[in-house]
1. Being surrounded by 16 or more Cβ atoms within 10 Å (Cβ to Cβ) and part of a helix (DSSP H, G or I) is the filter here, so list the residues in the stretch 168-199 that pass it.
2. Given the residues 149, 120, 107, 165, which is the only one that is modelled with pLDDT of 90 or more and either in contact with a strand residue (DSSP E or B) (Cβ under 9 Å, 6 or more places away or on another chain) or surrounded by fewer than 18 Cβ atoms within 10 Å (Cβ to Cβ) (or both)?
3. Just one of the numbered conditions (1) crowded, with 21+ Cβ neighbours inside 10 Å; (2) more than 23 Å from residue 23 (Cβ to Cβ) is not true of residue 155; which one?
4. Within the bounds of the stretch 27-37, is there any residue that is outside any helix (DSSP H, G or I) and at pLDDT 90 or above?
5. Taking the stretch 156-167 on its own, how many of its residues are without any contact (Cβ under 8 Å) to a residue 24 or more places away in the chain and not in a helix (DSSP H, G or I)?
6. Can you say whether residue 56 is without any contact (Cβ under 8 Å) to a residue 40 or more places away in the chain and surrounded by 14 or more Cβ atoms within 10 Å (Cβ to Cβ), as far as the supplied structure shows?
7. Would you be able to say whether some residue in the stretch 73-94 is modelled with pLDDT of 85 or more and out of contact with any strand residue (DSSP E or B) (no Cβ under 7 Å at 6 or more places or on another chain)?
8. What do you reckon, is residue 219 at pLDDT below 75 and in a helix (DSSP H, G or I)?
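The values are calculated or read from the model by the stated rules, or taken from the named source; none is laboratory data. Model, not experiment: these values are computed from the prediction. With ideal geometry, Cβ positions are generated from the backbone for all residues, glycine too; neighbour counts draw on all protein chains shown.
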């Protein structure tokens, strides 16, 4: 693990808490249009501080990276979120780090990981998108998303790729949020489908492995029984007269050949 990855692991939870603080400061003025000026000022200050924290984290990660230029190229989305004001709601996606951290505690259960990923990611994306589109649309001429309930309904219908069309963004920023939400919905559906298919394949492999193991055990037991039977016949034949021994041996050989043929 390089220094940049180690830093990211150590700062996962602190940055999740910062993102929660950002979410609170970002949501209060949007959900309450009549918020007091003092509260609005405090929220603006919190947004500025959290933005500074994210910028500092990004700069530290770049400094610790083994190949700084390559690291920046690989993390262009992080840079855009910090640099472009219209992308500020995307900072809330830092909350998805909490889903990744909790996933490490979910054990090896595939269904547990899928439920954790899909549930956490869907709830975060829907809530953040609803806030972002409401912030972009409310108060604009021709806008039909004027309340948080409308925004949540639009976000749910969009992320599930249903798209009823009764609510839709009319501003450029709102449409940008819509595009991101559509892509997120497609990605979530793809994750669920792929994970379910993988789970089915694993179940089929487990059944085949159990059947193969049972068959091998049965064959082993039959070979043991045949060897014991052959020894018993040989011992019994050794105690009989020589004129009867040949006939019994021939019968035992015939019986062993039949059993061995069935086994093969």
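1. Selection gives 173, 174, 176, 177, 178, 180, 181, 184, 185, 188, 195.
2. 149
3. The one condition residue 155 does not meet is (2).
4. Checked the stretch 27-37: at least one residue is outside any helix (DSSP H, G or I) and at pLDDT 90 or above.
5. Residues in the stretch 156-167 being without any contact (Cβ under 8 Å) to a residue 24 or more places away in the chain and not in a helix (DSSP H, G or I): 6 in total.
6. So residue 56 fails the test.
7. yes
8. no
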